[in-house]
Amino acid sequence: MEKSKANSFVKRMITAVIMAPVVLLLLFFGAPFVNLFCMICGALLAWEWATLVPNKKNALYACAYASSVVMASYLPVAFLFFTLAVMLAITGIVWYKARGEKYRKLLVLGVPYITLGVASLNWLYELTNNVVLIWFVLVVWGVDVGGYVFGTTIKGPKLAPKISPNKTWAGLFGGMIVSAAVSYLYFYYWGLNHAGWYALSAMVIAVVAQCGDLVESKIKRYLGVKDSSNLIPGHGGIFDRVDGLIFAAPFVVLSFILMFVLIL
């Protein structure tokens, strides 16, 4: 391993060891700590998106993104339709204010992208509990770990060479395997039922999370940047760490809502 890569890997490991327990503790204690986590994460993502996408009014866009995601993270899922209405209104405001901007569509995309992704974590907690929310977070982390280990070890054919040259099919399948294993062991540890079903669900989540990773890579490549920011040592920005998480979260929430509807 090259010296620069080794140093980057060490930074990533140290940062992960420090941040992971903090995140898990916040989620474990439930409300209002889950809301607080979503608000902080959403505010940081709002700042990142407003600085990542070149524009002339980054303070205005950052405030718009933050207002939408903080409101959505605070309001319970019972206010879902009101939350979506406000989000659409803010999206319209950003669309109007961004006229003349070179990257107008990306600036507008920031509102639903951040709001739905982050708020879905809080909605998942409300619809289920903190055990399921932590399961989801661990599954997505398993995707990242499995993708990195299998991808760098086996290598092989590229998954999407024009978007993310380092992603491989081996990494994708490795991420699916590790996420399923993490899911099964997690349910086994807590003595919960349906461990096999959740393990299969974890493999589907792994694919969706990987799509989220590729979407962010596509956006960064389009903008000509490597990282969403340099906020996290060795990891880049917040978006670089939660891209798969916030992309997959709305799909998981929708799945639970549909499951509850079918059961009822």
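Only the coordinates and a few stated rules stand behind these numbers; no lab work does. Keep in mind the model is a prediction, meaning the values are calculated, not measured. So basically every Cβ, Gly included, is an ideal-geometry build from the backbone, and we count neighbours across all protein chains shown.
Go through region 192-208 residue by residue and tally those that are buried (at least 23 other Cβ atoms within 10 Å of the Cβ) and either over 12 Å from A248 (Cα atoms) or of a type in the set (G, A, S) (or both). Quick ask: steps written out before the conclusion?
So the first thing to find is which residues in region 192-208 are buried (at least 23 other Cβ atoms within 10 Å of the Cβ), and the list is 202, 205-206.
Those still in the list that are either over 12 Å from A248 (Cα atoms) or of a type in the set (G, A, S) (or both) too: 202, 206.
Of the residues in that region, 2 qualify.
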Handout entry: Matching residues, region 83-101, being loosely packed, with under 12 Cβ neighbours inside 10 Å and closer than 22 Å to V253 by Cα
Key = A85
Handout entry: Single match in G175, G110 (criterion: in a helix (DSSP H, G or I) and either closer than 18 Å to V207 by Cα or among the basic types (K, R) (or both))
Key = G175
Exercise for the section: Hey, could you check region 102-134 for residues that are within 18 Å of A46 (Cα to Cα), over 15 Å from the mean Cα position of the chain (by Cα) and not aliphatic (A, V, I, L, M) and say which is surrounded by the fewest Cβ atoms within 10 Å (Cβ to Cβ)? Expected result: K105
Practice task
Identify the residue in region 223-246 that is without any contact (Cβ under 8 Å) to a residue 24 or more places away in the chain and at negative phi and, among all such residues, is surrounded by the fewest Cβ atoms within 10 Å (Cβ to Cβ).
Solution key: K226
Problem - region 135-160, residues that are farther than 20 Å from T15 by Cβ, hydrophobic (A, V, I, L, M, F, W, C) and in a helix (DSSP H, G or I) - result: W135, F136, V139, F150, I154
Practice task
Determine whether region 74-81 contains at least one residue that is crowded, with 19+ Cβ neighbours inside 10 Å and of a type in the set (A, V, I, L, M).
Solution key: no
Practice task
Exactly one condition in (1) in a helix (DSSP H, G or I); (2) farther than 17 Å from A248 by Cα is not met by S183; state its number.
Solution key: (2)
Practice task
Give the number of residues within region 36-94 that are under 21 Å from the mean Cα position of the chain (by Cα), of a type in the set (A, V, I, L, M) and under 25 Å from V225 (Cβ atoms).
Solution key: 12
Practice task
Please work out if A59 is surrounded by fewer than 16 Cβ atoms within 10 Å (Cβ to Cβ) and of a type in the set (G, A, S).
Solution key: yes
Handout entry: Residues being free of Cβ contacts under 8 Å to residues at least 40 places away in the same chain and basic (K, R) - total across region 85-131
Key = 3
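Search region 28-42 for residues being in contact (Cβ under 8 Å) with a residue 24 or more places away in the chain and surrounded by fewer than 20 Cβ atoms within 10 Å (Cβ to Cβ), and hand back the single one that is farthest from L138 (Cα to Cα). If you could, list the steps in order and put the result at the bottom.
The initial filter retains those residues of region 28-42 that are in contact (Cβ under 8 Å) with a residue 24 or more places away in the chain, namely 28-31, 34-35, 37-39, 41-42.
When the remaining residues are screened for being surrounded by fewer than 20 Cβ atoms within 10 Å (Cβ to Cβ), the result is 28-31.
Working: F28: 12, F29: 16, G30: 16, A31: 19 Å.
Out of the qualifying residues, it is A31.
The rows are residues; the columns are (1) buried (at least 24 other Cβ atoms within 10 Å of the Cβ); (2) touching a residue at least 40 places away in the same chain (Cβ under 8 Å); (3) out of contact with any strand residue (DSSP E or B) (no Cβ under 9 Å at 6 or more places or on another chain).
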site	(1), (2), (3)
F136	yes, yes, yes
G147	yes, yes, no
I154	no, no, no
A160	no, yes, no
Y184	no, no, yes
Q210	yes, yes, no
